[in-house]
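See structure below.
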Amino acid sequence: MLKLDSGESSVINFGAVIPGEAQKSIMFVASSAANVTARIDGGGDRFRIVTVACQAVSSRQLTPDEIDQLPPHMRNDPRYHVSIERTVIGTSDGVTPLTVGEQQEVVFYVAFRGEDHAAEGGHSATLVIIGAGSPITVPMSALVGQVKADVPTTTVSVTQGETAVLSVTVRSAFGPDTAVRFEMDANTGLSMKPVVVSVPRSGQIEASLRIEAARFAETIQFQKYLQMSAFDGRQVTFLPLSFHIHPAPIPPEQSPAHIQPIKPDWWQWRGENPRNRPWKEEYSVSGTFTNKGGFNIQDLAITIFETTEDMGSIMGEANQGSTEHGLVMPSREVTGATGSLKKEWQWFIPVVWVVKGPIYKDFRYKALISAKDVNGNPYPPVTSAELRVTVIVSTPKYLAGQFAMKAAIAAAVFAASIIMAAVGAAAYAAASVAGAIALDPPEPDPNFQGRILLPPLGEVPASGPNRNVIRLYRLSERIMRIELTKSLIEGRRLGALAAGDAQWAENHKQDLAAATALQRSLANEVRGLEPQAKQDIMALVPPGTELRHAREQLINSGLTTELAEQMQLPEEHWSGFDALLRSDLALADTDIVGTVGATVAPLAEFADSLA
């Protein structure tokens, strides 16, 4: 059978296209050998199959230069240091069956032919794939339309703290009436409120865009892109513009032109730049200002501003600390710093334990330096070079979140099976403990003179068809409970270090190492138990058993008292499990055997990642 590639959408959207032919593709992975054909239903003669290709997949190790280009959280993780490469080994027109081997990829290339007719709206058809189990249907849609923008100038000049107005002529080249939206990301000191204009078919309209420079924007020249979207986002165009930010004028009577100006390199950040910090752990940023001129400086103020970057978008600027100094003589050094900073955001959804990201954010810092000369004349404000701090969810916390999500999915599927509902209680217990691992870092515990016992294994039936599966999830739960206990042990170790008690610090260090060794041993036991657990599931729930309908019923009913008692679900989990069942988690994929492997994989990675 064919399974949609994890990176693919389940629909083919051509978006807004111009008259002529446009092509798209969709990829599936064969879980077993098959002979595949395809056809298109509906859409008249506008849609056609271009070709169907079968491709083999291989991998290679990334070069050091390629690894350096990865996002921060991937650079030190060997799992991401492999490149997947594909080779086409067979093609078909869709009518002729195409032979596809197990784990090979099948790519369906389709085309849409657009014509500009005033009465036309959207077009739709269905790609039907046959020969790999039940027919697979892929909805397809397209719209013939295009808008164009005429910009009178490609260079925009604006003064610090002021606004420039840019007039753009928007023309409808093809397609129906549409709303056109202009927006621009607010970095490099510039911002623009989104502007929406309505453009009639074959008509044009003027859009007035107001671009504002921040008060302390750097006085530089650079290029940015103006984003224009139309037809409900089906057409997105990026318009390149050059910007020149000019310094704000200074009144002549305050002009410090006769004073040697302060320069950005008079400020130096302390520590590495860029640097990484763990999510939800405290840090601060600081630097040193050196008077490199030949005159005394007074009323020096160093203000550190922070901007947050989330998935490439600047989320705003905040003042994180100001340090003032009265008199700074030539060659004298003074410091500036923020207070304690701790970055936290919700990267997973509690109770249903869905990892939604992001797992890292960039925080950028600049020091604004202002001062006066000994006569009270102000220096022009100076902005330092940028410091970048990337705050990352630690690998164990991220993998614990992945395990929690997969275990929650398994719990919902086992509950839907009814016959294995008791396994759902064990899976949800493991998910709940794993989700709790994303807690604040341990605090020093002054009551450090005493060891903490590790939690025992949860209840497992002595016999019965569910025993191996329940044991697998109870072992997983114990691994996660040990991780929570390790946080308490680490708190006592920190308390011993703070009190200068080397012996108790060493005792807790040894206990942490023993706990980690036990976690890895338990993870190996889980790996060994996985094949038998899958066999036991297939004996109770034969392959091909359809659980989707039962899962849909649970969305409506939630957790009933009868189901809770059948699962032997602890009462403290009732509310959370009810919310899980009423969510659409595990609705798309109700493969009950597959849920076991899906939970074991992140659990094994979690155990391997432990220090």
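The values are calculated or read from the model by the stated rules, or taken from the named source; none is laboratory data. Predicted, not measured: the structure shown is a model, and the values here were computed from it. Cβ coordinates were reconstructed from backbone atoms using ideal geometry, including for glycine residues, and neighbour counts include every protein chain displayed. What goes into the accessible areas is simple: the full protein's heavy atoms, side chains included, and nothing from ligands, DNA or RNA. Shrake-Rupley method; radii C 1.70, N 1.55, O 1.52, S 1.80 Å.
What to note about this one:
- Added length on full extension, which subtracts the Cα-Cα distance from 0.36 nm per residue, D608 to K148: 160.3 nm
- In the stretch 1-69, one over the average inverse separation of all distinct C-alpha pairs is 15.7 Å, which is the Kirkwood hydrodynamic radius.
- Shape analysis of the stretch 344-491 based on the Cα gyration tensor places the equivalent ellipsoid semi-axes at 48, 21, 9 Å, largest first.
- In the stretch 427-568, the portion of solvent-accessible area held by carbon and sulfur atoms comes to 51 percent [1.4 Å probe, whole percent, DNA, RNA and ligands not counted].
- For L209, distant residues with modelled amide H under 5 Å away: L166, S167, V168
- Packing-based ranking of 262-274, 167-179, 356-368 yields 356-368, 167-179, 262-274, ordered from highest to lowest mean Cβ neighbour count within 10 Å.
- Take 293-302, 417-426 and order them by the average number of nearby Cβ atoms within 10 Å per residue, most first; the result is 417-426, 293-302.
- Our summary gives the chain a relative contact order of 9 percent, counting only alpha carbon pairs under 8 angstrom and 6 or more residues apart.
- Label positions at S58 and A502, each projected 7 Å from the Cα along the C-beta direction, are separated by 5.7 nm.
- Positive-pole candidate from I84, F47, G101, dipole of the stretch 31-166, charges at beta carbon: G101
- Alpha-carbon centroids, the stretch 491-513 and the stretch 525-545: separation in whole Å: 43
- Cross-link table K280/K397; K280/K486; K3/K356; K397/K534; K224/K343, entries beyond 19 Å C-alpha to C-alpha: K3/K356; K397/K534; K224/K343
- Compared with the rule-of-thumb size 2.2 N^0.38 Å for a compact globular protein, the stretch 1-147 has a Cα radius of gyration ratio of 1.24.
- In this simple spin-label approximation, S340 and E324 carry label points 7 Å from Cα along the Cα→Cβ vector, and these lie 2.5 nm apart.
- In a simple Cβ point-charge model (Lys, Arg +1; Asp, Glu -1; nothing else charged), the chain has a dipole of about 460 debye relative to its Cα centre.
- Helical content alone sets the calculated 222 nm signal of the chain at -9000 deg cm²/dmol, taking -39,500 (n - 2.57) per DSSP H segment of four or more residues and averaging over every residue.
- Calculated SAXS-style log₁₀ I(q)/I(0) at q = 0.18, 0.28, 0.31 Å⁻¹ - the stretch 441-498, Debye, Cα scatterers: -0.65, -1.03, -1.14
- Sorting the Cα pairs of the stretch 463-576 by distance into bins of 10 Å, from 0 upward, gives 12, 25, 28, 19, 11, 5, 0 percent per bin.
- Loop-located GluC sites (Glu not before Pro) in the stretch 448-499 (DSSP state not H, G, I, E or B) with no more than 16 neighbouring Cβ atoms inside 10 Å: E459.
- Computed on the chain, the Cα convex hull volume stands at 207 Å³ per residue.
- Think of a 1.4 Å ball rolled over the protein heavy atoms: the chain then has 48 Å² of accessible area per residue.
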